[in-house]
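No lab work stands behind these numbers, since they all come straight from the coordinates. Everything numeric here is computed off the predicted structure, so don't read it as measured data. Here the Cβ positions follow ideal geometry from the backbone for every residue, glycine too, while neighbour counts run over all protein chains shown.
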Amino acid sequence: MLNKQLDLLVALQDLDIMIKDIEDVKQIGFQVKGRKTLQEARDALVKKINKPFLYNYEKLKTRYKRSIVPVKDDICLGCFMRIPTVLFTRGRSDKEVISCEGCGRILYWYE
Amino acid sequence: MQVVWGRHGSSRVERKGYVMEGKDLLEFFDKALFISNLKAKTKEKSFNELAKLFVKTKFIRKKDIVLEMLLKREKLGSTGIGKGVAIPHGRTTAAMDVKIAFGKSEEGIDFNSVDKKPVHLVFMVIAPTEDEDNVYLSVLGKLVEIVNDRKNRNKLLKSQTYEEFISVFDGAN
């Protein structure tokens, strides 16, 4: 069960990508029939996310292909700017939603 | 990469002018992502068992996000593609590379597959949200093509070791 705001935002992005990928996956031959269910799942997920975070996520989505990007080796993989080391422990705990100071994208610590 | 898709068994994957072969899938497998005998008796538990391997091998940090994504994917329709095979799959922000975990169930698991038959071969494919040349879809297509061949399925069912398992892909076109 996901409850942290960052986890919920990541789940939302994964879901948005899944909705976008539906046609490609269908063409490979997979069964895809519950598109409406997926939209309902998105609506339910959105309700759990704090409005400012959700607003930011949706706004970033209009500007970038992905609103949430991974951090690897202290580098934001959205704009390749180095993230201050002081944020590493905070970011990795997933307790807060941290944005890249360079591009504004939401950061997800991969490692 | 150009991907030419078809129904089961007819997908053809081309990367910069050459057709993807079975052995090209080898880079996405890992000995640490292989289970010769799944303990799980249900679809959800098999997801959990395989997702744990991704965490153990540090391909992902937390399994819950991946499980959430995979279970949502199942709501679209079962990834049990029939003939005893399931390929749960999806892209996730939590992954950095395309990877395939494999588990074999002697007993069989109910996946509510298209043909309603129990699943013995489970391939869990996870991919990052963005990947160069859209390799993820090519991998899925090639995997479906290979497991659609009865000879390959039989070899996979008989495989006990990781080496026997990958030899099926090494030998496939």
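Positive contributions from Lys and Arg (+1) and negative ones from Asp and Glu (-1), summed over other residues with Cβ under 11 Å from the Cβ of residue A:67, come out at +4. The length gained by stretching the chain between residue A:33 and residue A:4 to full extension, at 0.36 nm per residue less their Cα-Cα distance, is 7.4 nm.
Output the 0 to 90 degree angle, nearest 10, between the alpha-carbon long axis of helix A:35-48 and the longest principal axis computed from the alpha carbons of chain A. That helix lies at roughly 30 degrees to the long axis. Put a dot 7 Å past the Cα of residue A:73, heading toward its Cβ, do the same for residue B:75, and the two dots end up 3.8 nm apart. Under the classification rounded if a/c is under 1.5, otherwise prolate if a/b is larger than b/c and oblate if not, where does the protein assembly as shown fall, given a ≥ b ≥ c as square roots of the Cα gyration tensor eigenvalues? Judged from the Cα gyration tensor, the protein assembly as shown comes out prolate (a/c at least 1.5, a/b above b/c). For the stretch B:70-159, the antiparallel share of DSSP beta bridges with both residues in that region comes to about 65%. Applying a threshold of 28 Å to the alpha-carbon distances of B:56/B:151; A:65/B:31; A:33/A:65 flags B:56/B:151; A:65/B:31 as lying beyond it. Where a ≥ b ≥ c are the square roots of the eigenvalues of the C-alpha gyration tensor, would you call the stretch A:28-90 rounded, which needs a/c under 1.5, or, failing that, prolate if a/b is larger than b/c, or oblate? It is prolate, given that a/c is not under 1.5 and a/b is the larger ratio.
The fewest-to-most ranking of A:53, B:169 by surrounding Cβ atoms within 10 Å reads A:53, B:169.
Among B:105, B:138, the ranking by other beta carbons within 10 Å of each residue's beta carbon, starting with the fewest, stands as B:105, B:138. Around the amide H of residue B:82, modelled in the peptide plane, lie the amide H atoms of B:114, B:115, all under 5 Å away and 5 or more residues distant in sequence or on another chain.
Given a Förster radius of 25 Å and the C-beta distance between residue B:39 and residue B:130 as r, what FRET efficiency does 1/(1 + (r/R0)^6) yield to the nearest 0.05? Efficiency computed from Cβ-Cβ geometry: 0.15.
For a test of the definition: using alpha carbon positions, the gyration tensor, and the 1.5 limit on a/c, classify the stretch B:118-166 as rounded, prolate or oblate. The shape class here is prolate.
In order along the stretch A:71-80, the Karplus-derived 3J(HN,Hα) couplings, from 6.51 cos²θ - 1.76 cosθ + 1.60 at θ = phi - 60°, round to 10, 10, 6, 6, 10, 6, 7, x, 10, 6 Hz, and Gly and Pro are given as x.
Sorting B:97-103, B:107-113, A:33-39 by average packing, meaning the other beta carbons within 10 Å per residue, from highest down gives B:97-103, B:107-113, A:33-39. Using R0 = 25 Å, the C-beta based FRET efficiency linking residue B:52 and residue A:90 works out to 0.40. Look at the alpha carbon pairs under 8 Å that are at least 6 residues apart: their mean separation over the length of chain A gives a relative contact order of 27 percent. With coordinates expressed along the principal axes, the C-alpha atoms belonging to chain B extend over 42, 35, 31 Å, beginning with the largest. Only helices enter this figure: runs of n ≥ 4 DSSP H residues, each worth -39500 (n - 2.57), summed and divided by the residues of the protein assembly as shown, yield -13000 deg cm²/dmol at 222 nm to the nearest 500.
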